[in-house]
Amino acid sequence: MQSSKTKFNLISGLAMTKGVESLKRHAHNLKGIFAEAQMLDAIIKKNDPLIYEFYDLGVEEKPGNLAYGTSIVYPGVVGKEFYMTKGHFHTVLDTAEVYFCLSGHGLMLMENPEGETEIQELTAGEAVLVPGRYAHRSINISDSEPLVTFFTFAADAGHDYGTIEQKGFRKLVLRTGKETYEVVDNPHWKSL
Ligand SMILES: [Fe+2]
């Protein structure tokens, strides 16, 4: 029987199990993701901060298995955009995912290939179901706290990052003030 067990710190989201390391995405890993490319370049030159990290615990990708882990998006902005994850579709498009917010204040931005967009706010104790067919991106709208979520999804779903890398999301979420935002059309979105 294959089994695994990982303990997480429920505030920081970091794994406390020896040998379990996160995957880290610094500013330089996110070229093409933020709308204001020059702002991102300036941030990379300055100190190339850690934007987010998450865990891939290596659960075997077979039907019936559940992959799980935590995601931590740090506070900050690139121009008017909050720090956020790249976002992805699942390779098996019709695969749902659950995110449970452990701490912080953020948004789950979702869109399907037909162009329908949905945004759910996340605060500690709230769960969001990302339906099948929806690309999803976590956005931290706090100025000070990391956005920490626990996620789980069918382990054979796979990740399609390429579609979002090429096209972007149809909507941008822009900071308008302390923990406030507006949603606008992405001028760089490509229909391909
Ligand atoms: Fe996902």
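Listing for the model above:
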read-out	value
Strands (runs of 3 or more DSSP E) wholly inside region 99-192 that include at least 3 residues being within 14 Å of the ligand (Cβ to nearest atom), closer than 26 Å to Tyr55 by Cβ and modelled with pLDDT of 95 or more	105-111, 127-130, 135-140, 147-154
Exclusive hit being touching a Pro at 6+ places or on another chain (Cβ under 7 Å) and under 23 Å from Tyr134 (Cα atoms), set Ala96, Ala35, Ala27, Ala67	Ala96
The lone exception for Lys31 - which of (1) more than 18 Å from Pro146 (Cα to Cα); (2) within 16 Å of the ligand (Cβ to nearest atom); (3) within 18 Å of the chain's Cα centre (by Cα); (4) charged (D, E, K, R) it fails	(2)
Any hit, region 72-84, residues being of a type in the set (Asp, Glu) and over 23 Å from Glu165 (Cα atoms)	no
Where Ala42 falls short, out of the listed (1) of a type in the set (A, V, I, L, M, F, W, C); (2) in a loop (DSSP other than H, G, I, E, B); (3) without any contact (Cβ under 8 Å) to a residue 24 or more places away in the chain	(2)
Identity of the residue in region 156-192, under 20 Å from Gly106 (Cβ atoms) and charged (D, E, K, R), that ends up surrounded by the fewest Cβ atoms within 10 Å (Cβ to Cβ)	Lys178
Qualifying residue in region 134-146 (condition: buried (at least 16 other Cβ atoms within 10 Å of the Cβ) and closer than 15 Å to Ala35 by Cβ)	yes
Answer residue from region 78-98, given it is more than 15 Å from the ligand (Cβ to nearest atom) and within 15 Å of the chain's Cα centre (by Cα) and is surrounded by the most Cβ atoms within 10 Å (Cβ to Cβ) among those	Tyr83
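The values are calculated or read from the model by the stated rules, or taken from the named source; none is laboratory data. Being a predicted model, the structure only gives us computed values, none of them experimental. Note that each Cβ is placed from the backbone with ideal geometry, even for glycine, and that neighbours are counted across all protein chains shown.
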